[in-house]
Amino acid sequence: MQIDSQENFFERHVESYMSLTPWTRDQGLTDKITGAVGTAQGTCVELAAGGGQVASAVGTGSGARWFAIDVNRYMFPVGGDGDIVPIVADGQDLPIKDDAVDLIVCRSGLHYIGVDRALREMARVLRLGGRFVIAQKVADGLEDASDLAWFREVQRLRSVVPREWYFSERLVDEFARSGFSQLDLVTHDESYEFDLDQWTGRDGFFSQEVSEQLAKLVERGRDERFARRTGCHFVGHSLTLRYRWAIVSGVLG
Ligand SMILES: C[S@@+](CC[C@H](N)C(=O)[O-])C[C@H]1O[C@@H](n2cnc3c(N)ncnc32)[C@H](O)[C@@H]1O
């Protein structure tokens with residue numbers, strides 16, 4: 001089966017997604033996100049939740065009632081304390097009343113939902129003064145246009161569906177324009193190693209054509225100057241990609 005839709009992409013289930021996605025094991029990232037959240041109370045939503053790891057990490061102990069929302073029925077909270085309620089819904093059209101939510105968190109989900117629509121829905125369902133914390137991979141460090149184009153193409157081929165790519169300052173501006181304030185930005189830089197064979201050998205998950213395109217693209221990572229500039233290098237079958245995360249937080253109103 002080839003991937004021709006988002007559902008296909010994630011239908012190998014959350015465990016498979018998490019095993020192929022090294023940053024789901026990045027404790028430093030989780031710590032920065034939970035640090036930005038602080039104490040969660042009231043009605044809390046993890047958007048584009050996947051395995052619901054952020055909700056699990058923040059926890060329900062403080063009186064928070066967590067809902068993990070994801071458009072794909074294959075993605076369900078794993079681990080945690082079992083108190084996280086999964087809901088299958090689109091982040092563009094949440095099945096939640098206006099002004100009903102105290103906190104929204106989202107890690108690596110905005111680029112799927114689309115920032116305009118996601119922010120509109122977040123502003124609708126959050127109560128005035130309600131908080132959000134989102135974490136997105138951003139392209140801040142890639143100043144050379146051809147490096148950026150290379151990176152985006154690798155991401156596009158790998159994920160098939162992501163449509164948007166952000167720079168952190170512009171992401172903060174989007175929130176400011178959408179009615180949020182007290183905005184704060186924390187960044188997190190980390191390199192992750194991917195085994196190209198695992199990527200391209202997902203039981204036929206990638207088409208032959210995509211596998212070939214990826215294999216060709218990552219060859220550039222063998223160039224030392226490119227690797228120094230971008231932090232992305234390719235040795236043997238191992239591709240290392242350096243990512244910057246933007247962790248943006250703020251309140252509605
Ligand atoms: C890269 S994964 C991130 C999962 C999880 N947040 C994490 O950090 O591990 C993106 C998730 O967004 C979900 N997703 C994609 N489009 C969505 C949409 N329109 N509404 C809600 N969830 C969506 C996918 O099903 C997937 O679980």
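The values are calculated or read from the model by the stated rules, or taken from the named source; none is laboratory data. For clarity, every value in this text was computed on a predicted model and none was experimentally measured. Neighbour counts run over all protein chains shown; Cβ positions are idealised from the backbone, glycine included.
No other residue among G35, G114, G130 is loosely packed, with under 15 Cβ neighbours inside 10 Å and modelled with pLDDT of 95 or more apart from G35.
Whether a residue is within 14 Å of the ligand (Cβ to nearest atom) and assigned to a loop (DSSP other than H, G, I, E, B) was assessed, and I96 passes this test. Regarding D147, is this residue in a helix (DSSP H, G or I), in contact with a His (Cβ under 9 Å, 6 or more places away or on another chain), among the acidic types (D, E) and modelled with pLDDT under 90? Criteria not met by D147.
Only one of the listed residues (I134, I87) is assigned to a strand (DSSP E or B) and more than 15 Å from the chain's Cα centre (by Cα). That residue is I87.
Only residues that are near the ligand (Cβ under 6 Å from one of its atoms) and either assigned to a loop (DSSP other than H, G, I, E, B) or of a type in the set (S, T, Y) (or both): list them for segment 39-54, please.
A48, A49, G50, G51
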